[in-house]
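Notes follow the structure.
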Amino acid sequence: MRIDILTLFPEMFQGPMTESMLWKARDRGILDLRLHNIRDFSQTRHKNVDDTPYGGGGGMVMKPDVVARAIESITYEAAPGTPVILMTPRGRVFNHQTAVDLAGHEQVVLLCGHYEGIDERVSQLLVTDELSIGDYVLTGGELAAMVVVDAVIRHLPGVLGAEGGAERESHADGILEGPHYTRPAEFRGLTVPAVLTSGDHGAILRWRRKEGLRQTWLRRPDLLLTARLTLEEQYWLTEFANETARQSR
Ligand code: ADE
């Protein structure tokens, strides 16, 4: 998969994009990550990329001609339908399903805004989608783009080892993961649940699913509205509710 990132601050990507999983994905040839400095597409002597907003007000707006040239330097040779995504707090909120969908593309272009934003006509003419990573405002789209890259590449075949399949994790099937334990079996008076040392793989799988569901019920009950649950799993939810009712009596 190829990911092109358009930014005024390509150096910001140096650390995160050269470590750990991201580095592995690039090293194995699974991820072709390309950084482009939007400033390189300015045609003025001082390489200006922004200007004052029409109508007044504070801040600066990124100029449409510069950003358009930057985008088109990539899209002119990209397949039709290649997503061009603007990272912005006004975008659709990024989630697991969006990460899976993007991982299905051969190429994705991520555009990082800065200052007060980018001239609206860039969005109208060249951007196919706008994504936010949450309801808060960052100083620019760079950190948001890194979050998207990280979450997307985990779904590419060969990035995660067999031990950590992305489909087994929190959010993959609409519920959170349960707790994890490693040695020692007892730590400061707390013991590992007996089922995990029983060797009964069926019982372990069932326990993990149930505890994942318990975490979801406790912490993110909103997810249960759309999770696909078996009859037994729905029964567990009533168990959790009964246990809580007993405890509060
Ligand atoms: N740029 C600034 N804030 C952002 C956010 N929350 N998500 C994506 N891009 C942003």
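The values are calculated or read from the model by the stated rules, or taken from the named source; none is laboratory data. Keep in mind the model is a prediction, meaning the values are calculated, not measured. Please note: Cβ atoms are built from the backbone with ideal geometry, for glycine as well, and neighbour counts cover all protein chains shown. Protein only, heavy atoms only, side chains kept; ligands, DNA and RNA dropped before computing areas. Shrake-Rupley method; radii C 1.70, N 1.55, O 1.52, S 1.80 Å.
When both residues are 6+ apart or on different chains and their Cβ atoms are under 6 Å apart, which pairs have a first residue that lies in segment 19-43 and is assigned to a helix (DSSP H, G or I), and a second that is open to solvent by 60 Å² or more (accessible area, probe 1.4 Å)?
Arg39/Lys47; Phe41/Arg69
Somewhere in segment 168-191, is a residue at positive phi, surrounded by 12 or more Cβ atoms within 10 Å (Cβ to Cβ) and not charged (D, E, K, R)?
Yes: one or more hits.
With the requirement that a residue be out of contact with any Leu (no Cβ under 9 Å at 6 or more places or on another chain) and away from the ligand (no atom under 15 Å from the Cβ), what does segment 99-110 give you?
The answer is Val100, Asp101, Gly104, His105, Glu106, Gln107.
Look at Glu142 and say whether it is touching a strand residue (DSSP E or B) at 6+ places or on another chain (Cβ under 8 Å), more than 28 Å from Ala227 (Cβ to Cβ), touching a residue at least 60 places away in the same chain (Cβ under 8 Å) and surrounded by fewer than 17 Cβ atoms within 10 Å (Cβ to Cβ).
The answer is no for Glu142.
Which one is most open to solvent (accessible area, probe 1.4 Å), of the residues in segment 208-249 that are basic (Lys, Arg) and assigned to a helix (DSSP H, G or I)?
Here the residue is Arg219.
Examine segment 193-202 for a residue that is of a type in the set (A, V, I, L, M) and exposed (fewer than 11 other Cβ atoms within 10 Å of the Cβ), and state whether such a residue exists.
Looking through segment 193-202, at least one residue is of a type in the set (A, V, I, L, M) and exposed (fewer than 11 other Cβ atoms within 10 Å of the Cβ).
Against the conditions (1) free of Cβ contacts under 8 Å to residues at least 12 places away in the same chain; (2) touching a Phe, Trp or Tyr at 6+ places or on another chain (Cβ under 7 Å), where does Phe240 fall short? Just the number, please.
(1)
Got a number for residues in segment 111-146 being in a helix (DSSP H, G or I) and either in contact with a Gly (Cβ under 8 Å, 6 or more places away or on another chain) or within 11 Å of the ligand (Cβ to nearest atom) (or both)?
Counting residues in segment 111-146 that are in a helix (DSSP H, G or I) and either in contact with a Gly (Cβ under 8 Å, 6 or more places away or on another chain) or within 11 Å of the ligand (Cβ to nearest atom) (or both) gives 5.
In segment 63-106, what residues are part of a strand (DSSP E or B) and more than 21 Å from Ala144 (Cα to Cα)?
Residues satisfying the conditions do not exist here.
Please work out which one of (1) open to solvent by 40 Å² or more (accessible area, probe 1.4 Å); (2) within 16 Å of the ligand (Cβ to nearest atom); (3) not in a helix (DSSP H, G or I) is the condition His155 fails and give its number.
In the conditions (1) open to solvent by 40 Å² or more (accessible area, probe 1.4 Å); (2) within 16 Å of the ligand (Cβ to nearest atom); (3) not in a helix (DSSP H, G or I), His155 misses (2) alone.
Just checking, which of Ile85, Ile30, Ile71 is within 16 Å of the ligand (Cβ to nearest atom) and either open to solvent by less than 20 Å² (accessible area, probe 1.4 Å) or at pLDDT 95 or above (or both)?
Details: Ile30 fails: within 16 Å of the ligand (Cβ to nearest atom); Ile71 fails: within 16 Å of the ligand (Cβ to nearest atom).
Going through Ile85, Ile30, Ile71 in turn, just one is within 16 Å of the ligand (Cβ to nearest atom) and either open to solvent by less than 20 Å² (accessible area, probe 1.4 Å) or at pLDDT 95 or above (or both): Ile85.
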